[in-house]
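Below is one structure, written out as structure tokens, with a few remarks after it.
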Amino acid sequence: MSPMTKDATVYWKSLEELRAERHDSSSRRDEFVEPLPWKRTTGARAFQASTPPADPAVDGASRRDFLALMGFSLGAAACSRGTTQHALPFVTAPEDLTPGVPNWYATTCGGCSASCSVLVKTRDGRPIKIEGNREAPLFGGGTCAVGQATVLSLYDGQRLRQPLWRGAPASWQEVDEKIESQLRTTGAAQGRITLLSATITSPSTRDIIARWSRRYAGFRHVVYEPVSYAAIRRAHQTLFKRAVLPHYRFDNAALIVGLEADFLGAWLSPVEFTAQYARRRRPGRSMAHHVQFESTLSLTGANADVRHAVSPSAIGHLAMALLDRVSSADREPFAADMSLALAASELDALADRLLRHRGESLVVCGVQDVEVQTVVTRLNHVLGNIGHTLELSPCSFQKQGDDEEVATLVEQMQRGDIQALILYGVNPAYDYPNQQAFLRGLERVALSVSFADRVDETASHVHAVCPDHHYLEAWGDAEPVTGSFSLIQPTIAPLFETRAAQDSLLKWLGEAQDFHAYLRSYWQRNVFPLQTGRRNFEEFWDGVLQAGFLNAPVPVAATAALSGPVVATARRARDGQPRELRVGTADRFELHAYETVALRDGRHANNPWLQELPDPIAKVTWGRGLAIAPAVADRLDLQDGDVVTVTGGGVRVELPIWRQPGQPSTTVSIALGYGRTGAGPVGNGVGTNAWRFLGHGADGLLGLHPTVVALEKTGRFAPLAATQTHHSMEGRPLVREATLEEFLTDPGAGREAPEALPSLWAEHEPGSHTWGLTIDLSSCTGCSACVVACQAENNVPVVGKEEVARGREMHWIRVDRYYQGPASSPDVVFQPVMCQHCANAPCETVCPVLATVHSSDGINEQIYNRCVGTRYCENNCPYKVRRFNWFTYANNPRFDFNMNSPLGTMVLNPDVVVRSRGVMEKCSLCIQRIQAGKVAARQSGDSIADGQIQTACQQACPAKAIVFGDMQDPGSQAARFRQSPRHYHLLADLGTRPGVGYLTKIRNREARTR
Amino acid sequence: MPGTARRTLTPAVECARPVPLRPAWLEGSLALRQISDDIALPLSARPGAGWFVCIAVSLTALAVGVACVTYQIATGIGTWGLNKSVGWAFDITNFVFWIGIGHAGTLISAILLLFRQHWRMSINRSAEAMTIFAVLCAALFPLIHMGRPWLAFWMMPYPNSRGPLWVNFRSPLVWDVFAINTYLIVSLVFWYFGMLPDFATLRDRAGAGGKKRIYGLLSLGWDGSQRTWSRYETACLLLAGLATPLVISVHSIVSMDFATSILPGWHATIFPPYFVAGAVYSGFGMVMLLLIITRRVMHLQRYITLAHLDRMAKITLLTGSLVAFSYASEWFMAWYGGNADERFVFVNRATGRYAWAFWTMVACNVVIPQCLWLRRVRTSPAALLPIAILINVGMWFERFVIIVTSLHRSYLPSSWVMYYPTSIEIGTLVGSFGLFFTCFLLFIRLLPMIATWEIKGLAAAQARGRS
């Protein structure tokens, strides 16, 4: 650029230029306002001209400098490994969306029909984490493993992108036209239209369905639940003339008797029940006593103080025996031919105890048999529990299946009497016991429509698939228990061309309103008047959306009056009981089927987080084995993984066995929810379909009616992938426990007093905080919600069955489960273990590259970028909490789970790095949450309050067993727990000085563990 | 120092030939020229069919190893059988195995030199070569066992602009880096230095052309003068002094990979001497194995005599007894100490899922070498060969047992798992043997495998009087 002469005509391009030119003529000449960083190399002077440079910024550069810079940039370009990524800013930024700052929405979980209130964390417009809504009084702020995993099912690649007509993609307009015309025809001909749905807790949806009833004379709504609770409702109908499912209050019960009801695991509303149960089970004088009678060892049975393993057919007899002893003075001798390992005296003692706790005891039963449920309901009534530990008003709407209607429907379908069938949230072609009958009937239905989100077993046979939204994309409401309302609001715009089922139903009715408007108007008419807090509906609506829930007062019903004489009905019930089956000999057993904590009824089979979640009891992933008592397995010479054929009632399946301590020797147990063929690539072919063993009983109810099965060895071997293969503590003091009596005498019972061990290491300088965790083993039920929560929060990869079998699962937190005592009736303890963040960490001293160091906050940090993967830290960790990335898990077709597609990776938490191959990882105490909390505190100027920062595992726990806090703050709950006499450290005598502590487990029983 | 003249006692009466005080380390009287010819013969002659067969096998093994390692580095450590509890198995077993084997060479070259054991002269060159190759094989394993081996240079404390960020000097793995590198460098220098006069001999014998030039370069202008020899021998002594502590220190440091950890079964102070004894033990096993075969194939029986084998077998027996004593000491301390976790480890070793490996180790390391008490066995190559092989097998299993049994069942029973090797790991082990034997086979064809200049000194001394 030649210097400007003063008198040359200057053309300017812009006003700035003109202005600048007037002010500073020299800068105008430079193309770059800042001088380029030419460095004066020593050689440059030698090559420079003798005259000093006119403009040092430009002319000071020499050829050598130029070459140096060119060489550098060439080298830099060659070394550059970054791929081009496009970051597009919003043209119109959404309100309240700050990149990097999460937005929270309150909604209701749709993982099952329990309808827990949850908060959804969204980042950049997409939901990435589910958390319980602490303020919702019903559920206590926790979630279950299924709820935590539903965020991933939003990003399931198997979801339909658009509606289908006869299997081919179609537009909504086409499908609507076809369906509406068919419905019109059917309506005109007074044909039968049936909506077959799962439990609908949404009052607004029920309202829409009511409209359908009013519109079409032949319309019927049938509720189908594959695991049905209809017996309980029938029992209440018989006794109280009200077919209700009671609302159970475990927190009001000082004595809980469970009869084949896994209420902490998968029965009815586990999150709510766990929260109630944990509240009542705090060690102390008012600690509840829990007795469980069940067949297979369930999560609930593992937590019971006293557990009896009995065959399923004996449950009814037990209930009857208890009712006898409680309701009348004469105690009939417990029938001698009952091959129960239960002395009559024990039953007497239990009955006495029940009587002592009148009005504060609770007997729950999960058997699908009207007679048994009638006996149990009567038992509760006699004990005065109704209205205290179980309420009929408010009642529960969480299960509404009507089995007889389902049977009638299937018959009608087969006869060709059903003209139109709408399937909403059900999959009978998979889980209906007589799926062949259903499919035959389906063929004869003129119009079949499914709202399924994928082409599942049923949707592959229907005419139209109109995929429903995922609950995270949808509007809605829920009323799980009378008076406890909650809203469902979308947290992301629908990803695909799906449409809310309610919108479809409204459209086909010819309504103009969409469901959102309908929902608002329904609430305005029906819910808004129930409360008096807000006068303005808009305020009210926004308030409920923000809070997530609304508790409306419920009219308390008068004490339920029992109809019919007590004793006669009871006697009749007992006489109606089938005789105990002659089983347990040779290869004939009673069959028991159960829902697993991870997969429940199988609707989430395509969710890799749930498939890889180790079963809390068996610690098996990706499938379940047939649970057999170890003694029986020994007798039949069966090892874990030996494949057997189970034949009974005309059904024959094959699956590997699993030796299950605590399993009664008369019974084998099979898991429901497996053996799917239409779930997707993750879930198809995992496990065996056990639904066909169920059936309609004599009372018309769906359930597992006493079935005798025969086992046959096949000689084949199909190993199960278990994360824990050794189940004994080997006498090591890992879980410390004491009985309640011992605890009341000496709160420090069960553990050794902590002694300060000498240490060669220098003390760490404490920083402004010292973060730590305390885990209350008395509260922890082993439900493993924390495992999935941690996986969601920290982008922990899924590795698949083969890798789990090799011992390479990646979960940062695991729940160890140990058995004590005889294999036929063991005591069970659970212990969540994550990185203990030791002050004298054995891993820190051995890492050669200092990839693991101790922070001043007391956290053992793993620095992924620095790790070279020698794995010495993994070897030296006595707790074995470190996880190594054996392969590249992300963007690797070999691990085609949630990290191999753009859709699946939307669930990843952007605050947490996705680790590369060859790098070690482990629990970080959710350091990203700690940092976020510290940043927020710094910005607001306040100090960090106790409970403001919660780790993912703490937040998810429905029992509030995990407590995170600052040990330097004496008022924090974690610090107080550390001072508790129940507090101990795991492997304390190694001198690792962990930052994680445990509180002893207290059992409410007289004798010490056997 | 080579060959100091000794006087024999003049017999008072005529009787049978005087019994020498020491065995003859060279059989027969050999002219110096003859020695040069014998030792240089393999270097110029065409190798026999046997050599070709051997190198074909070892190259195949090497190729298998290269393929396995390439696959493993490209795909991940997951191609091995390691898991959440067992972080090391074949990789570190092989590492310790090969490093241990190297120790015999250094002991023969350096320590026996300082102890003036002249019988070492025939064997020290090949033993030292064996050390180099063994350390090379060993050094590969820490490199490839890393999850991100392309960042292996981070284990070195080099100045950098990231802080600067140093390595963790408290970590035994960093000590390993120093120890192995020191060992490799000192051994290389010592080995090369020891070959200088022999390179000069070969240079002088070679006709004009490439070989003369190469040997000339390698001999660094050796002129054979008195002054050169004098300085040379001093330098050898100094290098030997430098190399001697390495025999103790290197394997002590390697043992601290285990001893400084917290695991029961690893956390024991006996590890340094136990490992050093074991290293010398396995090293002598490998030396005997190599020399028994080589002396036969290369017709060097007059240089590597049965007396040499006898001496080596005695050292083997000594170190084997030390190893057996270490085992006994470990077991005793586990019982006497009363620590439940420690006791369990040893009971588990003998009766648990890997008991077969444990008893193989005991049979090969403790029981079978007891045969070496018999002189007949010690002087019979046919008997020593299988014993040497079994010693190596036993010592490999010893490291396997130590590593895997302590890892697979440690403190928390919930993390107890089984470890099963994969074909990739086995292929890598085979490849390391391929590398070792390829190097050794090349060595015996390209470099003088016996220290010619030392042997000549020995022969001269023997000729002058009984040495």
**Study point:** Residues that are assigned to a loop (DSSP other than H, G, I, E, B) and more than 9 Å from chain A (Cβ to nearest Cβ), drawn from the range B:140-158
**Key:** B:156, B:157, B:158
Practice item. Counting only residues that are charged (D, E, K, R), give me the helices (runs of 4 or more DSSP H) lying completely in the range A:712-829 with at least 3 of them. Key: A:801-805
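Looking at the structure I just gave you, is residue B:393 among the aliphatic types (A, V, I, L, M) and either under 24 Å from residue B:264 (Cα atoms) or at pLDDT below 95 (or both)? Break it down stepwise before answering.
Details: among the aliphatic types (A, V, I, L, M): yes; either under 24 Å from residue B:264 (Cα atoms) or at pLDDT below 95 (or both): no.
Spelling it out, it is not the case that residue B:393 is among the aliphatic types (A, V, I, L, M) and either under 24 Å from residue B:264 (Cα atoms) or at pLDDT below 95 (or both).
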Point to revise | Conditions (1) touching a Pro at 6+ places or on another chain (Cβ under 8 Å); (2) open to solvent by 20 Å² or more (accessible area, probe 1.4 Å); (3) over 17 Å from residue A:751 (Cβ atoms): number failed by residue A:962 | key: (2)
Review point. Among the numbered criteria (1) of a type outside the set (Phe, Trp, Tyr); (2) in contact with a helix residue (DSSP H, G or I) (Cβ under 6 Å, 6 or more places away or on another chain); (3) within 12 Å of chain A (Cβ to nearest Cβ), which single criterion is violated by residue B:424?
Key: (3)
Point to revise | Number of the exception - residue A:813 against (1) under 30 Å from residue A:300 (Cα atoms); (2) more than 12 Å from chain B (Cβ to nearest Cβ); (3) open to solvent by 10 Å² or more (accessible area, probe 1.4 Å) | key: (3)
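With the structure loaded, tell me whether residue A:787 is more than 20 Å from the chain's Cα centre (by Cα), modelled with pLDDT of 90 or more and closer than 20 Å to residue A:954 by Cα or whether it fails that test. Before you say what the answer is, go through the steps one by one.
Numbers: more than 20 Å from the chain's Cα centre (by Cα): no; modelled with pLDDT of 90 or more: yes; closer than 20 Å to residue A:954 by Cα: yes.
Spelling it out, it is not the case that residue A:787 is more than 20 Å from the chain's Cα centre (by Cα), modelled with pLDDT of 90 or more and closer than 20 Å to residue A:954 by Cα.
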**Study point:** Number of positions in the range A:168-185 that are over 18 Å from residue A:511 (Cα atoms) and surrounded by 18 or more Cβ atoms within 10 Å (Cβ to Cβ)
**Key:** 1
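Conditions tested, residue by residue: (1) modelled with pLDDT of 95 or more; (2) outside any loop (DSSP other than H, G, I, E, B); (3) within 9 Å of chain B (Cβ to nearest Cβ).
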{"site": "A:864", "(1), (2), (3)": "yes, no, no"}
{"site": "A:901", "(1), (2), (3)": "no, no, no"}
{"site": "A:918", "(1), (2), (3)": "yes, no, yes"}
{"site": "A:925", "(1), (2), (3)": "yes, no, no"}
Check your understanding: Has the range A:605-613 got at least one residue that is more than 31 Å from the chain's Cα centre (by Cα) and on the phi < 0 side of the Ramachandran plot?
Key -> no
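Can you confirm whether the range B:377-384 contains a residue that is in contact with a helix residue (DSSP H, G or I) (Cβ under 7 Å, 6 or more places away or on another chain), open to solvent by less than 50 Å² (accessible area, probe 1.4 Å) and within 14 Å of chain A (Cβ to nearest Cβ)? Before you say what the answer is, go through the steps one by one.
First, the residues of the range B:377-384 that are in contact with a helix residue (DSSP H, G or I) (Cβ under 7 Å, 6 or more places away or on another chain): B:377-379, B:381, B:383-384.
Those still in the list that are open to solvent by less than 50 Å² (accessible area, probe 1.4 Å) too: B:377-379, B:381, B:383-384.
Still in the running and within 14 Å of chain A (Cβ to nearest Cβ): none.
No, every residue in the range B:377-384 fails to be in contact with a helix residue (DSSP H, G or I) (Cβ under 7 Å, 6 or more places away or on another chain), open to solvent by less than 50 Å² (accessible area, probe 1.4 Å) and within 14 Å of chain A (Cβ to nearest Cβ).
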Revision key, fill the gap. Per the filter on the range A:902-928, residues under 26 Å from the mean Cα position of the chain (by Cα) and open to solvent by 40 Å² or more (accessible area, probe 1.4 Å) are A:902, A:905, A:906, A:910, A:911, A:913, A:914, A:927
**Study point:** From the options B:447, B:435, residue that is of a type outside the set (Val, Ile, Thr), over 17 Å from the mean Cα position of the chain (by Cα), at negative phi and more than 14 Å from every other protein chain (Cβ to nearest Cβ)
**Key:** B:447
Review point. Within the range B:343-367, restricting attention to residues that are within 12 Å of chain A (Cβ to nearest Cβ) and open to solvent by 30 Å² or more (accessible area, probe 1.4 Å), which residue is farthest from residue B:265 (Cα to Cα)?
Key: B:353
Practice item. Output yes when any residue across the range B:125-139 is within 26 Å of residue A:851 (Cβ to Cβ), out of contact with any Ser or Thr (no Cβ under 8 Å at 6 or more places or on another chain) and either within 14 Å of another protein chain (Cβ to nearest Cβ) or open to solvent by less than 60 Å² (accessible area, probe 1.4 Å) (or both), and no when none is. Key: yes
Exercise for review: Would you check if residue A:891 is assigned to a loop (DSSP other than H, G, I, E, B), more than 11 Å from every other protein chain (Cβ to nearest Cβ) and either open to solvent by 10 Å² or more (accessible area, probe 1.4 Å) or of a type in the set (Phe, Trp, Tyr) (or both)?
Suggested key: yes
Review point. Where in the range A:397-481 are the strands (runs of 3 or more DSSP E), entirely inside, with at least 1 residues that are closer than 24 Å to residue A:230 by Cβ and of a type in the set (Val, Ile, Thr)?
Key: A:420-424, A:476-481
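Can residue A:848 be described as at the interface with another protein chain (Cβ under 7 Å from one of its Cβ atoms) and assigned to a loop (DSSP other than H, G, I, E, B)? Let's see the steps before the verdict.
Values: at the interface with another protein chain (Cβ under 7 Å from one of its Cβ atoms): yes; assigned to a loop (DSSP other than H, G, I, E, B): yes.
Yes; evaluated as a whole, the condition is true for this residue.
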Study note, to complete from the structure: Among (1) under 30 Å from residue B:402 (Cα atoms); (2) surrounded by fewer than 24 Cβ atoms within 10 Å (Cβ to Cβ), residue B:145 falls short only on (2)
Check your understanding: Hey, does the range B:92-111 have a residue that's in contact with a Gly (Cβ under 7 Å, 6 or more places away or on another chain), in contact (Cβ under 8 Å) with a residue 12 or more places away in the chain, surrounded by fewer than 24 Cβ atoms within 10 Å (Cβ to Cβ) and away from chain A (no Cβ under 14 Å)?
Key -> no
Review point. Which one of the conditions (1) acidic (Asp, Glu); (2) farther than 21 Å from residue A:883 by Cα; (3) modelled with pLDDT of 95 or more does residue A:989 fail to meet, given that it meets all the rest?
Key: (3)
Check your understanding: Are any residues in the range A:375-391 open to solvent by less than 10 Å² (accessible area, probe 1.4 Å), in a helix (DSSP H, G or I) and not aliphatic (A, V, I, L, M), and if so, which ones?
Key -> A:377, A:378, A:380
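State whether one or more residues within the range B:181-199 are within 14 Å of another protein chain (Cβ to nearest Cβ), farther than 30 Å from residue B:213 by Cβ and hydroxyl-bearing (Ser, Thr, Tyr). Steps first, please.
Initial filter on the range B:181-199 (within 14 Å of another protein chain (Cβ to nearest Cβ)): B:181.
When the remaining residues are screened for being farther than 30 Å from residue B:213 by Cβ, the result is B:181.
Going one step further and asking which of them are hydroxyl-bearing (Ser, Thr, Tyr), we end up with none.
Scanning the range B:181-199 turns up no residue that is within 14 Å of another protein chain (Cβ to nearest Cβ), farther than 30 Å from residue B:213 by Cβ and hydroxyl-bearing (Ser, Thr, Tyr).
Quick one: count up the residues across the range B:55-89 that are in a helix (DSSP H, G or I), more than 8 Å from chain A (Cβ to nearest Cβ) and not hydroxyl-bearing (Ser, Thr, Tyr).
Pass one, the range B:55-89, residues in a helix (DSSP H, G or I): B:55-75, B:77-79.
If we keep only those that are more than 8 Å from chain A (Cβ to nearest Cβ) too, we end up with B:55-74, B:79.
Among the residues that remain, those that are also not hydroxyl-bearing (Ser, Thr, Tyr) are: B:55-57, B:59, B:61-69, B:72-74.
The number of residues fulfilling the criteria is 16.
Got a sec? Which strands (runs of 3 or more DSSP E) wholly within the range A:630-687 have at least 3 residues that are crowded, with 24+ Cβ neighbours inside 10 Å? Walk me through it before giving the result.
Numbers: elements: A:642-648, A:651-659, A:667-672.
In the range A:630-687, A:651-659, A:667-672 are the strands (runs of 3 or more DSSP E) which contain 3 or more residues that are crowded, with 24+ Cβ neighbours inside 10 Å.
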Review point. Which condition number in (1) within 14 Å of chain A (Cβ to nearest Cβ); (2) without any contact (Cβ under 8 Å) to a residue 24 or more places away in the chain is the one that residue B:411 fails?
Key: (2)
Check your understanding: Within the range A:986-1008, can you find the residues that are of a type in the set (Lys, Arg) and either open to solvent by 20 Å² or more (accessible area, probe 1.4 Å) or within 13 Å of chain B (Cβ to nearest Cβ) (or both)?
Key -> A:993, A:1005, A:1008
Review point. Quick one: would you say residue A:897 is surrounded by fewer than 24 Cβ atoms within 10 Å (Cβ to Cβ), within 8 Å of chain B (Cβ to nearest Cβ) and part of a loop (DSSP other than H, G, I, E, B)?
Key: no
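The values are calculated or read from the model by the stated rules, or taken from the named source; none is laboratory data. On a predicted model such as this, the values are computed, not experimentally measured, just so you know. Here the Cβ is made from the backbone with ideal geometry for all residues, glycine too, and neighbour counts use every protein chain on show. In case anyone asks, the SASA skips ligands and DNA or RNA and just uses the protein heavy atoms, side chains included. Shrake-Rupley method; radii C 1.70, N 1.55, O 1.52, S 1.80 Å.
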